Amino acid sequence: MKTKLLCFLGLTICLVSFAYAQLSGASTNSYVCFSCHKDQAKDWATTWHSRSHVDSNPIYKAMINYISRVTYQPEESVLVGCAQCHNPKMTIKEISSKDSFTLAKVLNVETEQTKRIEASVGAENIKDGISCNICHNVEKVNESMNMEMRGFKAVEWGPNDIVYGPFEDDGRAGIHKSIQKEHFTNPDKLCMACHFGGETDSKVELYATGKEFLGSADTSQRCADCHMSTKRKGIITPEIKKPGITAKEREIRSHLFEGARNSEILKDTLSLDAKSEGNNLILELTNLTPHKAPTGFGGRSIDVKIEFKNGANVMDTQIYTLEIVYADKKGKEMVPYLAASIKSDNRLAPHESRKLNVPKFPGATNAKITITYRLVSERILKLINFSDPVFNKNYPVISMDVNL
Ligand code: HEC
Ligand code: HEC
Ligand code: HEC
Ligand code: HEC
Ligand code: HEC
C-alpha cells in the first residue's frame, strides 16, 4: 500500500521504494542491485560465482551425481554438504533423519521433508550462486585456519537492508545503508572464508589456495589485485544524484573474479625459459603466483607439451603434467571429495622455479613447447562420465619455439 502510494509521487521514488521492499526481503537476489550497479553486475555475470548452483554449473551437478551414486545417497544429501561454500545461505544446513529422506527419495514419494529440502535448494536467492548479497551482506569474517570452518561457518551476515563495503557511507545510496568493513578494505579475508581450504571425511586437504597463499611469505599482492583488478578512480553509480550531496571519486575495482574462463589471467601463471644444452633441452618453469599452479579445484591441471621436430615434421611428443591426484582406500584414483589420500602432487609451489631436463630426440632440429591449462583432467571427466566443451578443453597459457 505504502509502495503504491509513493508511486504516484514519481517514478524515481517508486523504483527506489520497490527496490527497498525487495532489499529488505528475506530473499535478496542480485537483480535488485543491477539497476544501479551496472558495471559490477556486468562483470559478475561473466564469472562462475554467478553460476555456483546445481542448475547452472554442469560439472558441479555431474560431480554431485557421481558422489551420490557411489555412496548410495540421494543427490540432495551430498549437495547440502557442498552448499557450505557453494550456496552458503541455503536454509537447510544438515539433513536430519537421513534414512527416512533416503527412503522417500528411493520410493519417489513426496514428504514434508523432501518438499522442504527441494524448496531450499531451488529458492531464487540460492540459484543466484555467490551473489552480491552473499558477499556484501557479510558483517563479520571469523578468521580461522581450520579447514572445517569455511563458507557459512566462517561468516556472519547482517540485516538484509545493510550493504557492507570498502567505503564510508556518504548518504548517496539512499536505498541501502552502507557500512565500511575491514574485510572489504582487505578483501583477502573475505575470499579466504571460502577459498582457504577444505577437507574430506578422511581429513584429506582440498582447495588449499588460501593456505598456500599465507604460507608463501609473499602477500605483496592481494587476491583482489589479480582476480578483480588494480584500483582505479571512479564514481559509483554516477547517474544517482541527490541534492546537497556531491558524489565522491573513489578507488574502485572490477568484479571479474578472473579465472580461466572469463579473462586472460592464465597468461600470468608462469614464465618459461628454454635452452638447448648438449644432449638436453632444458626448460625452466617459474610460478608467478603466490599460490600453487594450478590451484583450487582438485581436477585442474597444467600440461607442458614438448614436440621435437625436424623442420615442420613432428618426430616425437612428450607431455609433462602438473596436477594433484587423489586416491581411495585401495589407492585407485578418486574424485577429491571421496579421497582417502593424496597419491601425488607435483603442482608448482608458490613462486617455485623448476628445471626440467628433457633428452633431445635424435635428429630433431627444433622443438616447440606449448603450455596449456585444463579445468578438469581427462581422467576425472572419464571417471564421472561427463563431457562438456567448456571443461574438456585446453586453455592456452604460453608457448615457445627453440632451435636445438
Ligand atoms: C565474491 C565477493 C563479492 C561479490 C559476489 C560481489 N562483490 Fe562487490 N565487492 C567485493 C569486494 C571485495 C569489494 C571491494 C574491492 C576493493 O576495493 O578492494 C567490492 C566492492 C563493491 C562496490 C564498491 C565499488 C567497487 O566497484 O569497488 C560495489 C558498488 C559493489 N561491490 C557492488 C556489487 C554488486 C552490485 C555485486 C553483484 C552484481 C557484487 N558487488 C558482488 C566483493 C564482492
Ligand atoms: C537505487 C540505486 C541502488 C541500488 C538498487 C543499490 N545500490 Fe548500492 N549504492 C548506490 C549508491 C548511489 C551508492 C553510493 C556510492 C558512493 O557513496 O560513492 C552505493 C554504494 C554501494 C556500495 C559501496 C558501499 C560501501 O560501504 O563501500 C556497495 C558495496 C553497494 N552499493 C552494493 C549494493 C548491493 C549489493 C545492492 C543490491 C543488494 C545495491 N548496492 C543496490 C545505489 C544503489
Ligand atoms: C561464499 C564463498 C566464496 C567467497 C566469499 C569467495 N568465493 Fe570465489 N568461489 C567460490 C565458489 C563456490 C566458486 C566456484 C563456483 C563454481 O564454479 O561453480 C568460486 C570461484 C572463484 C574463482 C573462479 C571463477 C571463474 O569464473 O572461473 C575465482 C577466481 C574466485 N572464486 C576468486 C574469489 C575472490 C578473489 C574472492 C574474494 C574477493 C572470492 N572468490 C570470494 C566461493 C567463494
Ligand atoms: C599475483 C597474482 C595472483 C594473486 C595475488 C592470487 N592469484 Fe589466484 N590465480 C592467479 C593466476 C595467474 C591463476 C591461474 C593459474 C593457476 O591456477 O595457478 C590463478 C588461479 C586461481 C584460481 C583458479 C581459477 C579458476 O579458473 O578456477 C583460484 C580459485 C584463485 N586463483 C584464487 C585466489 C585467491 C583466493 C587468492 C588470495 C588468497 C589468489 N588467488 C591470489 C593469480 C593470482
Ligand atoms: C570448503 C568450501 C567448499 C566445499 C565444502 C565444497 N567446495 Fe567445491 N569449490 C569451492 C571453491 C572455493 C571452488 C573454486 C575453486 C577453483 O576455481 O579452482 C570450488 C569449485 C568446485 C568445482 C569446480 C567448478 C568449476 O566451475 O570449475 C566443483 C566441480 C566443485 N567445487 C564441486 C564440489 C562438490 C561436489 C562439493 C561437495 C561434495 C564441494 N565442491 C564442496 C569450495 C568448496
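The values are calculated or read from the model by the stated rules, or taken from the named source; none is laboratory data. This one's a predicted model, so the numbers in the text were calculated from it and none came from an experiment. Cβ sites come from the backbone with ideal geometry, for glycine too, and all protein chains shown count toward neighbours. Keep in mind that these areas ignore ligands, DNA and RNA; they rest on the heavy atoms of the full protein, side chains included. Shrake-Rupley method; radii C 1.70, N 1.55, O 1.52, S 1.80 Å.
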**OP:** Working only within region 150-164, note down all residues that are open to solvent by 10 Å² or more (accessible area, probe 1.4 Å) and part of a strand (DSSP E or B).
**Re:** Val155, Glu156, Trp157, Ile162, Val163
Original post:
Would you call Leu281 buried (at least 20 other Cβ atoms within 10 Å of the Cβ) and touching a Ser or Thr at 6+ places or on another chain (Cβ under 8 Å)?
Top reply: no
**OP:** Those residues that are of a type in the set (Asp, Glu), more than 16 Å from ligand 4 (Cβ to nearest atom) and in contact (Cβ under 8 Å) with a residue 12 or more places away in the chain, I need them from region 159-200; list them, please.
**Re:** Asp161, Glu168, Asp170, Glu199
Original post:
In region 120-149, which residues are within 13 Å of ligand 3 (Cβ to nearest atom) and small (Gly, Ala, Ser)?
Top reply: Gly129, Ser131
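Yes/no matrix, rows are residues, columns are (1) closer than 24 Å to Cys85 by Cα; (2) touching a Leu at 6+ places or on another chain (Cβ under 8 Å):
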| residue | (1), (2) |
| --- | --- |
| Glu307 | no, no |
| Ala312 | no, no |
| Met315 | no, no |
| Val325 | yes, no |
| Lys330 | no, no |
| Thr365 | no, yes |
Original post:
Name the pairs: first residue in region 34-62 and in contact (Cβ under 8 Å) with a residue 12 or more places away in the chain, second residue outside any loop (DSSP other than H, G, I, E, B) and among the β-branched types (Val, Ile, Thr), Cβ to Cβ under 8 Å, at least 6 apart or on different chains?
Top reply: His53/Ile126; Val54/Ile64; Val54/Val121
Original post:
From the residues in region 22-58 that are more than 27 Å from Arg116 (Cβ to Cβ) and among the aliphatic types (A, V, I, L, M), which one is surrounded by the fewest Cβ atoms within 10 Å (Cβ to Cβ)?
Top reply: Ala45
Original post:
Would a scan of region 191-214 turn up a residue that is open to solvent by 50 Å² or more (accessible area, probe 1.4 Å), under 17 Å from Ile235 (Cα atoms), among the acidic types (Asp, Glu) and modelled with pLDDT under 95?
Top reply: no
**OP:** Output the residue which, of all residues in region 77-104 that are open to solvent by less than 70 Å² (accessible area, probe 1.4 Å) and more than 23 Å from the chain's Cα centre (by Cα), is nearest to Phe152 (Cα to Cα).
**Re:** Ile95
Original post:
Name the strands (runs of 3 or more DSSP E) wholly within region 210-306 that hold at least 2 residues that are of a type in the set (Val, Ile, Thr)?
Top reply: 280-287
Original post:
What residue, of Val163, Val138, Val121, is over 18 Å from the mean Cα position of the chain (by Cα) and either within 16 Å of ligand 5 (Cβ to nearest atom) or of a type in the set (Lys, Arg) (or both)?
Top reply: Val121
**OP:** Go over the candidates Thr295, Thr321, Thr372 one by one and state the one that is touching a residue at least 12 places away in the same chain (Cβ under 8 Å), buried (at least 19 other Cβ atoms within 10 Å of the Cβ) and hydroxyl-bearing (Ser, Thr, Tyr).
**Re:** Thr295
Original post:
Does Val70 meet the test of being of a type in the set (A, V, I, L, M, F, W, C), open to solvent by 50 Å² or more (accessible area, probe 1.4 Å), within 22 Å of Leu338 (Cα to Cα) and more than 8 Å from ligand 1 (Cβ to nearest atom)?
Top reply: yes
Original post:
Within region 166-183, how many residues are within 25 Å of the chain's Cα centre (by Cα) and either among the polar types (S, T, N, Q) or surrounded by 19 or more Cβ atoms within 10 Å (Cβ to Cβ) (or both)?
Top reply: 4
